[in-house]
Structure formats: structure tokens, C-alpha cells
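A.B. asks: So that we are looking at the same thing, I have put the structure below in C-alpha cells.
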Amino acid sequence: MSAPVAPVAIVTGAGGAIGAAIATRLAEAGHLVVAADLDQVGAAATRAGITTGGGRADACRLDVGDQASRAELVAGVLDRHGRIDVLVNCAGILRDARIGDLTEQTLLPTLAVNLIGPLSLARQVIDPMTSEGGGSIINIASRAWLGIFGSASYSMTKGALVGVTRSLALELGPVGIRVNAIAPGYVQTPMSASLPPQVVRRSVNATPLRRAGNPDDVARLATELAHPQSFVTGQVIAVCGGRTIGQPGMAEGTAS
Amino acid sequence: MALDLARMFGGHPIADPTALPPARKHYVLVPPAPESLSLTAAGDDALVTELGDALRNCVYALQRLASLIDSVVAPHVADADPDYDGPIQDEAGQDSGSITIVLPAAATLGEAGYSVTSAFCGGVLSLARTLAIELRRQHIRVNTLMVDQHLPGVVASVATQVTALMSMPGVTGQEIYLADGLDCGRIRP
Ligand SMILES: NC(=O)c1ccc[n+]([C@@H]2O[C@H](COP(=O)([O-])OP(=O)(O)OC[C@H]3O[C@@H](n4cnc5c(N)ncnc54)[C@H](O)[C@@H]3O)[C@@H](O)[C@H]2O)c1
């Protein structure tokens with residue numbers, strides 16, 4: 001690396017739609033981005049997109065649900081780049097089940113990937129961020145944290161991310177580490193592509209701005225939250241086209 | 001602040017949901033939150049056992065309680081109307097029952113040094129919100145109390161509130177802070 005001291009941002013799930021958009025925006029804003037994903041091909045594609053655009057990026061395989069893989073990621077980033085300024089916990093899985101249908105098969109991976117992994121990574125970046133005089137942790141939650149039909153375990157893990165965001169922000173504010181959550185509404189991505197078309201229609205119709213979100217809507221906010229001069233911490237910010245102030249979504253298939 | 005709400009309010013032995021009392025209409029769940037645990041002090045193993053297992057236990061306890069109120073809940077039946085957004089009472093204006101969940105107020109609102117506890121509370125809060133939505137069609141109500149155990153007269157206040165909620169057929173998905181104003185002037189989660 002020739003140019004010194006670019007802030008280093010780890011983005012998990014950077015092979016996915018929202019993660020790739022966040023990685024790309026952060027690189028545009030001058031970060032050296034570590035694109036981490038279970039999907040190595042996706043992570044490499046994100047890296048390639050950034051580097052051909054003149055940005056700086058690195059790609060890593062990460063299973064965020066696996067303890068050894070998480071430790072390896074953090075150690076590798078510190079080894080190669082010497083610092084960590086931003087962590088975006090964006091890797092996530094959506095396994096739908098109503099409360100009565102929830103079993104270990106849904107619960108265990110959802111907890112591991114959406115909650116335990118992000119919290120463990122947050123813990124592991126606290127020391128490196130503290131040595132840099134601060135940093136920004138961004139947890140990608142979901143509108144589902146407000147309650148949503150048919151996704152009991154998903155909404156539980158996203159609510160838990162919001163909970164940890166608030167207490168961590170209180171605890172780490174004095175050392176300059178900011179912690180925020182973003183709660184996207186329906187965003188057009190491979191994750192949400194599995195939803196039936198009528199569900200998507202219903203969701204868009206219930207959105208005051210009358211469109212689905214796109215990954216860049218989330219990425220622009222994440223970039224602002226990553227900005228070292230930001231005065232925002234402990235917040236959960238909805239990127240939902242106004243969806244969360246309107247119809248409550250009591251019915252099945254208003255998911256995401 | 002020790003988070004011994006579960007002990008205070010005689011929490012059910014939720015690790016063994018089958019040990020819950022036989023069918024009654026109204027239940028109070030006081031899930032044991034992980035004791036004042038900060039993320040900085042919680043290794044990966046503690047995250048799994050203290051947080052993950054506690055949330056799983058809570059899911060299973062709520063599954064069990066909901067199915068005690070209405071056996072249709074588990075396993076869910078395919079013919080339940082998926083678009084139900086009607087009233088939460090039956091024609092006679094009655095509900096099938098209610099679940100009231102009790103959480104520690106300070107950790108739910110956010111408190112330095114309590115990040116793992118707050119993750120648990122946030123998880124349960126969102127789970128309760130989802131259940132309030134999902135269980136409407138079974139006429140089951142789900143409400144949450146955020147309690148400061150140092151509140152003067154806390155046991156009586158919780159008892160009064162729980163009793164009131166049991167007899168309020170149209171009230172679900174509510175979050176009530178019994179916390180001497182701890183939530184005043186701040187954004188609630
Ligand atoms: N798409 C939406 O409508 C929507 C709405 C609200 C919140 N979200 C959240 O946004 C985030 C990104 O979602 P997306 O829509 O871009 O989905 P996506 O499926 O395109 O991306 C998710 C990425 O996470 C990766 N991933 C999954 N399991 C992993 C693991 N164990 N380790 C590492 N990486 C793993 C996947 O490989 C994928 O690249 C998720 O946390 C999701 O819950 C999405």
C-alpha cells in the first residue's frame with residue numbers, strides 16, 4: 001500500500017446487495033474497505049468493482065456465525081492494514097417462520113448470523129478503534145424490529161441489534177466510538193427477491209414514497225454514519241420511504 | 001443493579017416449558033435476562049450461552065404459553081387466515097387470553113455496561129411486537145412491561161398493571177414503563 005492512513009472499514013455481507021453498495025460508497029468516501037462475505041465470489045466482485053473505480057479494497061471470506069472465522073478476519077485486517085475505523089454489520093439471513101413454527105433449524109442460524117456474529121465482531125473492534133481515538137459501528141437491522149408478521153426470530157435478532165446499539169453507544173461514546181443501527185424497509189435485493197410479487201406490490205403501495213428501497217439508499221446513510229465527524233450515535237434510523245409511519249403490516253407477506 | 005426481576009416476580013421455570021402450569025387464559029412471563037453483562041466482558045461463548053440460549057428459551061416459553069391459550073398456535077394450521085387484520089376480540093368481545101412480558105427497564109432503555117443485557121431486552125421487545133401482530137387472529141394479546149425493580153411499591157404496581165391488562169380485551173402490543181420516569185425525555189427503543 002503506497003498511500004498512508006486511509007481509514008479502514010470492514011463490511012460484512014459485502015458480497016450481497018446492500019453490503020456491496022455500502023462498501024462501494026465507503027470506498028468513494030476514502031475508506032480502505034475490507035469486503036467480507038461467506039460468498040467469496042461476491043466479496044471478490046465487490047472488491048473488483050471498487051478497485052477498478054480507483055478505490056482501495058480487500059476481500060475476505062467470513063462465516064460470521066463462526067467464532068474462528070471472525071477472529072481470523074479481525075486479526076487479518078489488523079495484520080494487513082494496521083487499523084479498524086468502521087465496522088458495518090450487514091451480513092444477515094432471513095428465515096421466515098411464525099412463532100408456532102419456530103424450531104432450532106431456524107433459530108440457531110438466525111441467532112448465530114444475525115446476532116452473535118455481529119456482537120462478537122463489535123466487541124473485537126472496540127480495542128483497535130479505541131487506539132485510533134474512535135470509530136463507527138453500524139448495525140444493519142431491519143424494519144422488522146418494530147414487529148412483523150411471520151418473522152419472529154428475524155425480528156427478534158434485529159431488535160436485539162437495536163438494544164445493543166443503544167447500550168454500547170452509551171458505553172463507548174466517551175472513547176469516541178459511535179454505534180448506530182439502520183432499519184431498512186423493503187429493499188430490492190436477492191434476499192427479498194424470494195418474496196412473492198403481490199407481497200412486493202403491497203409493500204410498495206404501503207410506502208408513502210411509492211417505491212421499493214434500493215441498496216444505495218442504505219449505503220448513503222451508512223456513509224454519513226461512518227463519517228469521523230458525525231455527531232450521531234445510539235440511533236436506529238429507518239430507511240423505509242415512510243413505510244413505518246403508515247400501515248402497520250398486520251398481515252402475512254408484508255415482510256422485510 | 002442486579003437484574004433479578006425473575007426472582008422477584010417468581011418467574012416460571014422457562015428452561016423447561018413443559019413444567020409450566022396447565023392451561024389458563026392469562027400468563028405473565030418474566031424471562032431471566034442475562035445479569036448486567038457488557039459486551040466488552042462477554043466472550044463468544046458467553047454470547048452463545050448467556051444471550052443466544054436466553055433468547056431461545058424465551059421463544060420456546062412464548063410458544064408454549066401461546067399454545068396453552070390456543071392450541072391452534074403450535075403447530076400453526078395452514079387454514080388460519082393469513083390476511084387477518086380484524087379485531088382481537090371474538091364476536092362476544094372477548095379475547096382468548098393474554099401474555100404479559102416483564103423486562104428490566106434500564107437495560108431495555110439502554111445503559112452503559114449492560115450491552116448484552118440490552119441485546120436480550122431488545123430481542124424480547126421485538127419478539128413481543130411480532131407476536132402481538134401474529135397472534136391477533138387467535139385473539140391472544142401480548143403486552144410488555146418495562147419495570148425498574150427499585151420503583152417504590154414495585155410489586156404492587158406490577159400486580160395492578162398486570163391485572164388491568166388481563167381485563168382489557170382491546171389492548172395489545174403495548175409497552176408500559178413502570179420505572180419512576182426513567183424513560184421520560186428520551187427516545188424509547
Ligand atoms: N433486502 C431487504 O429488503 C432488507 C430489509 C431490511 C434489512 N435488510 C438487511 O440488510 C442486510 C443485507 O441484506 P441484503 O438484502 O443485501 O441481502 P443479501 O442476501 O443480498 O446479502 C446478505 C449477504 O450476507 C451474506 N451472508 C449470509 N450468511 C453469512 C455468513 N454466515 N457469514 C458471512 N456472510 C454471510 C450473504 O452471502 C450475502 O452476500 C441483512 O442484514 C438484512 O437483514 C434487508
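A.B. asks: Hey, does segment A:184-192 have a residue that's within 15 Å of the ligand (Cβ to nearest atom), of a type in the set (A, V, I, L, M) and either touching a Gly at 6+ places or on another chain (Cβ under 6 Å) or over 21 Å from B:Leu135 (Cα atoms) (or both)?
C.D. replies: Looking only at segment A:184-192, we keep the residues that are within 15 Å of the ligand (Cβ to nearest atom), and these are A:184-192.
Cutting the leftovers down to of a type in the set (A, V, I, L, M) gives us A:187, A:191.
When the remaining residues are screened for being either touching a Gly at 6+ places or on another chain (Cβ under 6 Å) or over 21 Å from B:Leu135 (Cα atoms) (or both), the result is A:187, A:191.
Yes, the conditions are met somewhere in segment A:184-192.
A.B. asks: If you don't mind, another one. Restricting to segment A:151-172, count the residues that are more than 14 Å from the ligand (Cβ to nearest atom), within 25 Å of A:Arg98 (Cβ to Cβ) and of a type outside the set (A, V, I, L, M).
C.D. replies: 1
A.B. asks: Quick check on my filter: what residues within segment B:23-45 are within 8 Å of chain A (Cβ to nearest Cβ) and within 11 Å of the chain's Cα centre (by Cα)?
C.D. replies: Of everything in segment B:23-45, nothing turns out to be within 8 Å of chain A (Cβ to nearest Cβ) and within 11 Å of the chain's Cα centre (by Cα).
A.B. asks: Kindly indicate the residue of segment A:51-81 that is buried (at least 16 other Cβ atoms within 10 Å of the Cβ) and among the β-branched types (Val, Ile, Thr) and also nearest to A:Gln124 (Cα to Cα) among those meeting that condition.
C.D. replies: The selected residue is A:Val74.
A.B. asks: Hey, can you tell me all the residues within segment A:104-132 that are aliphatic (A, V, I, L, M) and either under 16 Å from the mean Cα position of the chain (by Cα) or within 11 Å of the ligand (Cβ to nearest atom) (or both)? Don't jump to the end; show me each part of the working.
C.D. replies: Here is the first cut: in segment A:104-132, the residues aliphatic (A, V, I, L, M) are A:107-108, A:111-113, A:115-116, A:119, A:121-122, A:125-126, A:129.
Scanning segment A:104-132 gives A:Leu111, A:Ala112, A:Val113, A:Leu115, A:Ile116, A:Leu119, A:Leu121, A:Ala122, A:Val125.
A.B. asks: Which numbered condition trips up A:Arg98, out of (1) crowded, with 21+ Cβ neighbours inside 10 Å; (2) more than 30 Å from B:Thr172 (Cα to Cα)?
C.D. replies: For A:Arg98, the failing item is (2).
A.B. asks: Anything in segment B:99-119 that is over 11 Å from the mean Cα position of the chain (by Cα) and either more than 7 Å from chain A (Cβ to nearest Cβ) or part of a helix (DSSP H, G or I) (or both)? List them, or say none. Break it down into steps so the answer makes sense when it comes.
C.D. replies: Step one: list which residues in segment B:99-119 are over 11 Å from the mean Cα position of the chain (by Cα), which gives B:105-119.
Once the filter is applied, which keeps residues that are over 11 Å from the mean Cα position of the chain (by Cα) and either more than 7 Å from chain A (Cβ to nearest Cβ) or part of a helix (DSSP H, G or I) (or both), segment B:99-119 yields B:Ala105, B:Ala106, B:Ala107, B:Thr108, B:Leu109, B:Ser115, B:Val116, B:Thr117, B:Ser118, B:Ala119.
A.B. asks: What pairs come up if the first residue lies in segment A:50-69 and is within 12 Å of another protein chain (Cβ to nearest Cβ), the second is away from the ligand (no atom under 12 Å from the Cβ), and their beta carbons are under 6 Å apart, counting only those six or more places apart or on different chains?
C.D. replies: The qualifying pairs are A:Gln67/B:Asp44.
A.B. asks: Also, I was wondering about something else. Which residues, taken from segment A:206-244, are within 14 Å of chain B (Cβ to nearest Cβ) and away from the ligand (no atom under 11 Å from the Cβ)? Give the steps one after another, and end with the answer.
C.D. replies: In the first step, residues of segment A:206-244 are kept if they are within 14 Å of chain B (Cβ to nearest Cβ); the result is A:206, A:232-238, A:244.
Selection gives A:Ala206, A:Val232, A:Thr233, A:Gly234, A:Gln235, A:Val236, A:Ile237, A:Thr244.
A.B. asks: So how many residues does segment B:149-184 have that are outside any helix (DSSP H, G or I) and out of contact with any Ser or Thr (no Cβ under 6 Å at 6 or more places or on another chain)?
C.D. replies: Of the residues in that region, 21 qualify.
A.B. asks: Then there's this: Please verify whether A:Val88 is surrounded by 20 or more Cβ atoms within 10 Å (Cβ to Cβ) and over 25 Å from A:Val187 (Cβ atoms), treating the condition exactly as stated.
C.D. replies: Values: surrounded by 20 or more Cβ atoms within 10 Å (Cβ to Cβ): yes; over 25 Å from A:Val187 (Cβ atoms): no.
Here the answer is no, as A:Val88 does not meet what is asked.
A.B. asks: May I pose another question? Can you name every residue in segment B:151-189 that is within 14 Å of another protein chain (Cβ to nearest Cβ), more than 14 Å from the chain's Cα centre (by Cα) and surrounded by 12 or more Cβ atoms within 10 Å (Cβ to Cβ)? Break it down stepwise before answering.
C.D. replies: Taking segment B:151-189 and keeping what is within 14 Å of another protein chain (Cβ to nearest Cβ), we get B:172-175, B:182-183, B:186-189.
Right, trim to more than 14 Å from the chain's Cα centre (by Cα) and you get B:182-183, B:186-189.
The answer is B:Leu182, B:Asp183, B:Arg188, B:Pro189.
A.B. asks: Okay, moving on. Against the definition (at negative phi and either in contact with a Lys or Arg (Cβ under 7 Å, 6 or more places away or on another chain) or touching a residue at least 40 places away in the same chain (Cβ under 8 Å) (or both)), how does A:Arg80 come out, yes or no? Show your work before the answer.
C.D. replies: Working: at negative phi: yes; either in contact with a Lys or Arg (Cβ under 7 Å, 6 or more places away or on another chain) or touching a residue at least 40 places away in the same chain (Cβ under 8 Å) (or both): no.
No; evaluated as a whole, the condition is false for this residue.
A.B. asks: Can you tell me which residue is nearest to A:Asn89 (Cα to Cα) among those in segment A:162-179 that are assigned to a helix (DSSP H, G or I) and more than 7 Å from chain B (Cβ to nearest Cβ)?
C.D. replies: Applying the filter and picking the extreme gives A:Thr165.
Every read-out reported here was derived from the displayed coordinates using simple, explicitly stated rules and does not represent laboratory data. Quick caveat, the model's predicted, so the values are computed rather than measured. In this analysis, Cβ positions are derived from the backbone assuming ideal geometry, glycine residues included, and neighbour counts consider all displayed protein chains.
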